[in-house]
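The structure appears right after this line, and notes come after that.
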């Protein structure tokens, strides 16, 4: 996988993707896992059977240190190995996200400017090693794995100190490349709403912080999110995000697009699917190279953002929104 200007290329042709986000597929025996399915083997089998049926070709997954090590114990990559094997079987490529800005599914609480400045170089919470050392370990381990589309440093990084976040991004791209890993790299920020990530042009005429962060050498793609905005086809800010993509000549994709399901009525399923379809088509028409629906959670029981492969779900399935908008790639 490589990028040429604002497009992705695989072998000798352009590559586009449609798929989902799964926060729990790599987990087991912890709060951020799909425990109702009985075993991690069952989770992986169900997840990638569903991905194959809906013809998804990319799954964005949580791959935090909590998923390979708990309470400072030695790394155990067996669950992630199982996820990679399942993805390979289903013809799905993975975007592993290496840490969360938010407190969910990880250690150390919500990240701060201090964490982006120096905290990521030290162990935090109950973790045995720093984020920096963990990333070095996981990227070196999988540097030759073609099932991985690329690494995403953070889920929705943000803050008030631009220099701290910029230094973090510049350092971590070098850490990944120093392992010999040549996968694509994403930073992973919010929509440009915080001071550190602001997408508003600076008063002195220099590029926005959002643009400067994504201009870091080694960052290949721009991940944008659209959460729970059912009344607009594309979330506010897309025009500015697209302008940054054009300015930097780096591809943009929707790494998470979500609409809340208020109930399990037939009409609510249909309404949500229609909104997702409109966003998917608009994102593609707007030049995005990928669109991922948040969030795939097999066997979910509480209504919200989740979807899975159940028969009444028009997002998934062999004739669902994702399958109908799948584009074969070389």
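Quick notes on this structure:
- Antiparallel %, DSSP beta bridges [both residues in region 9-324], to 5: 10
- Pairwise label distance in nanometres, residue 121 with residue 310, each label 7 Å out on the Cα-Cβ vector: 4.9
- Based on alpha-carbon atoms, the Kirkwood radius and the radius of gyration of region 245-292 give Rg/Rh equal to 1.13.
- Calculated log₁₀ intensity ratio I(q)/I(0) where the Debye formula runs over C-alpha points of region 51-112, q = 0.13, 0.26, 0.29, 0.30 Å⁻¹: -0.42, -1.07, -1.18, -1.21
- Zone residues, region 90-130, relative to residue 49, backbone N less than 18 Å from point 7 Å out along Cα-to-Cβ: 90-92
- Fewest-first sequence of 211, 99, 73 by Cβ atoms within 10 Å of each Cβ: 73, 211, 99
- CD proxy at 222 nm, helix term only [per DSSP H run n ≥ 4: -39500 (n - 2.57); per residue of the chain; nearest 500]: -9500 deg cm²/dmol
- Pairwise inverse Cα distances across region 228-330, averaged and inverted, put the Kirkwood hydrodynamic radius at 14.5 Å.
- Take every Cα pair under 8 Å whose residues are at least 6 apart in sequence, average their separation, divide by the length of the chain, and the relative contact order is 21 percent.
- The alpha-carbon positions of the chain define a convex hull whose volume is 121 Å³ per residue.
- Inverting the pair-averaged 1/r between distinct Cα atoms of region 19-74 gives 12.0 Å as its Kirkwood hydrodynamic radius.
- The length gained on full extension between residue 171 and residue 104, counted as 0.36 nm times the residue separation minus their Cα-Cα distance, comes to 21.7 nm.
- For region 64-177, the convex hull drawn through the C-alpha positions has a volume of 94 cubic angstrom per residue.
- Translational diffusion of region 159-298, µm² s⁻¹ [Kirkwood Rh, Cα pairs; Stokes-Einstein; 37 °C; 0.692 mPa s]: 201
- Taken along the Cα-to-beta-carbon direction at a fixed 7 Å, the label points for residue 145 and residue 325 span 2.8 nm.
- Cβ-based exposure ranking for 303, 58, 244, in which fewest neighbours within 10 Å come first: 303, 244, 58
- Extension gain for the segment residue 227 to residue 74, taken as residue separation times 0.36 nm less the Cα-Cα distance, is 51.5 nm to one decimal.
- Ranked list, fewest to most other Cβ atoms within 10 Å of each Cβ, for 152, 140: 140, 152
- Relative contact order, percent, region 1-86 [alpha-carbon distance under 8 Å, six or more residues apart]: 29
- Top of 201, 215, 20 by mean-square fluctuation, Gaussian network on the chain, Cα under 10 Å: 201
- In this simple spin-label approximation, residue 217 and residue 7 carry label points 7 Å from Cα along the Cα→Cβ vector, and these lie 2.7 nm apart.
None of the figures in this text is laboratory data; all of them are computed from the coordinates on show. What you are looking at is a predicted structure, and each value in this text was computed from that prediction instead of being measured. Note that we place each Cβ from the backbone using ideal geometry, even for glycine, and neighbour counts take in every protein chain shown.
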